[in-house]
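Remarks on the structure that follows.
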């Protein structure tokens, strides 16, 4: 069977009981993604960096596809968690990169007044695979040389 798109456990997470993402209903667009470990998300203070929630996962896809990471609709109200970048963009060439094997994470801020604990196995967001288009004069030739933030 030819692999088209899907999830795998990233290197270093093989023995940590990482669950594969699933869609909960047949018409859900998103695959629910769980936290790979317990983590405390501190209450936001101006100037602080977002907290990265590990998933222990990497994703593979077709050449003209992207995986988008979205927040759970209940996270802002219930936990005070918002995505720092609005939507995470995981490109095809992020898979298996030399820095982190393509391990994708959710970058979040906690907008509540108190720290929030996220436990291993809690759903933290969702991933949606999507086709994308390029312009007529597109001539992208660059190659990824690393992981998070490596394409400037």
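The values are calculated or read from the model by the stated rules, or taken from the named source; none is laboratory data. Everything numeric in this text was worked out from a predicted model, so none of it was measured. Cβ coordinates were reconstructed from backbone atoms using ideal geometry, including for glycine residues, and neighbour counts include every protein chain displayed.
Points to keep in mind about this one:
- Meets criteria (at pLDDT 95 or above, surrounded by 18 or more Cβ atoms within 10 Å (Cβ to Cβ), in a loop (DSSP other than H, G, I, E, B) and within 12 Å of the chain's Cα centre (by Cα)) for residue 102: yes
- Criterion: closer than 30 Å to residue 135 by Cα, surrounded by 13 or more Cβ atoms within 10 Å (Cβ to Cβ) and touching a strand residue (DSSP E or B) at 6+ places or on another chain (Cβ under 7 Å) - qualifying residue of 92, 3: 92
- Residues that are within 14 Å of the chain's Cα centre (by Cα), in a loop (DSSP other than H, G, I, E, B) and in contact (Cβ under 8 Å) with a residue 40 or more places away in the chain are absent from the stretch 73-96.
- Flag for residue 147 being at pLDDT below 75 and within 21 Å of the chain's Cα centre (by Cα): yes
- Hits in the stretch 50-72 (condition: touching a residue at least 60 places away in the same chain (Cβ under 8 Å), surrounded by 15 or more Cβ atoms within 10 Å (Cβ to Cβ) and not in a strand (DSSP E or B)): 61
- Sole residue being closer than 24 Å to residue 140 by Cα and touching a strand residue (DSSP E or B) at 6+ places or on another chain (Cβ under 6 Å), chosen from 57, 68, 52, 81: 68
- Condition check for residue 5: farther than 19 Å from residue 91 by Cβ and touching a residue at least 40 places away in the same chain (Cβ under 8 Å): no
- Residue 26 falls short on exactly one of the conditions (1) under 18 Å from residue 88 (Cα atoms); (2) without any contact (Cβ under 8 Å) to a residue 40 or more places away in the chain, and that condition is (1).
- Candidates 59, 35, filtered to the one that is under 27 Å from residue 134 (Cβ atoms) and either touching a helix residue (DSSP H, G or I) at 6+ places or on another chain (Cβ under 7 Å) or at pLDDT 95 or above (or both): 59
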